[in-house]
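The values are calculated or read from the model by the stated rules, or taken from the named source; none is laboratory data. These figures come from a predicted structure and were not determined experimentally. Virtual Cβ from ideal backbone geometry, glycine too; neighbours counted across all protein chains shown. All accessible areas refer to the heavy atoms of the entire protein, side chains included, with ligands and DNA or RNA removed. Shrake-Rupley method; radii C 1.70, N 1.55, O 1.52, S 1.80 Å.
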Amino acid sequence: MKNKKIIFFDGDGTIWYPKSTKRKKAPHWIYLDKKIGNNYLKHLVLTPAVLVSLKKLKKLGIILVLLSTFPHPPKEADVILKGKVKHFKLEELFDDFHTSRDKPDGKGEVILKVLRKKHIPKSHALMVGDSYRFDYLSAKKVGVDALLIKSEYMKHPPRGRKVEKTISGLKDIIEILN
């Protein structure tokens, strides 16, 4: 896992999550809750150690990219993601922000586009997320290393699937890269 020049981070469940359920329930429920509606931002909190970890990675000169899946049309999805980034004051920590289509291979497609644009080989990239299917597997399918964050709702990968490396939180990334 050494020699990484760019790290892609998932948003929901990785960078932030609903404060009432933390990592005990998949974070996407918050957007479907009719009582919460469009007021979801006040129910989200940053995951532990996210600011410290991102700042350390930034000091190491690693390009940090936020990559989140959205069911909305692309322009609307971009506006929503930028709103979350602004809400959490993360603009200075991430070099780039991208949304992907709501399909299992969506993030892998975006990762490849970003790597081509920045002329970075796959071997120098890493994806970090909390979803086996949308984060971990999507990256692995396109030849990019991935780390899966352990959670109550993602205790085990789907039957017959293997995860090479899991982490308990973002703070673990620093140790893995050294």
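A few notes on this one:
- Here the spin labels are modelled as points 7 Å beyond Cα on the Cα-Cβ line, and at residue 21 and residue 72 they lie 2.0 nm apart.
- With 0.36 nm allotted per residue and the present C-alpha distance subtracted, the residue 175-residue 59 stretch has 40.3 nm of extension available.
- Across the chain, the mean sequence separation of Cα contacts (distance under 8 Å, 6 or more residues apart), normalised by length, yields a relative contact order of 28 percent.
- Gaussian network model of the chain, springs between alpha carbon atoms under 10 Å - residue of 148, 60, 93 with greatest fluctuation: 60
- Ordering 47, 69, 166 by accessible surface, largest first, gives 166, 69, 47; the 1.4 Å probe counts only protein heavy atoms, with every chain in place.
- Sparse-neighbour loop sites [trypsin sites (Lys or Arg not before Pro); region 83-154; at most 10 other C-beta within 10 Å; DSSP]: 89
- Counting only protein heavy atoms and a 1.4 Å probe, region 59-118 has 55 square angstrom of accessible area per residue.
- Of the residues 29, 16, the one with the largest accessible area comes first in the ranking 29, 16, computed with a 1.4 Å probe on protein heavy atoms.
- The simple spin-label model puts a point 7 Å past each Cα toward its Cβ; for residue 32 and residue 103 those points are separated by 2.1 nm.
- Take the Cα of residue 133, go 7 Å toward its beta carbon, and the backbone nitrogen atoms of region 91-122 under 15 Å from that spot belong to 101-108.
- Cα-projected label distance for residue 3 with residue 82, points at 7 Å along beta-carbon direction, nm: 3.6 nm
- Cut-off 13 Å between beta-carbons: net charge of the residues surrounding residue 40, Lys and Arg +1, Asp and Glu -1: +3
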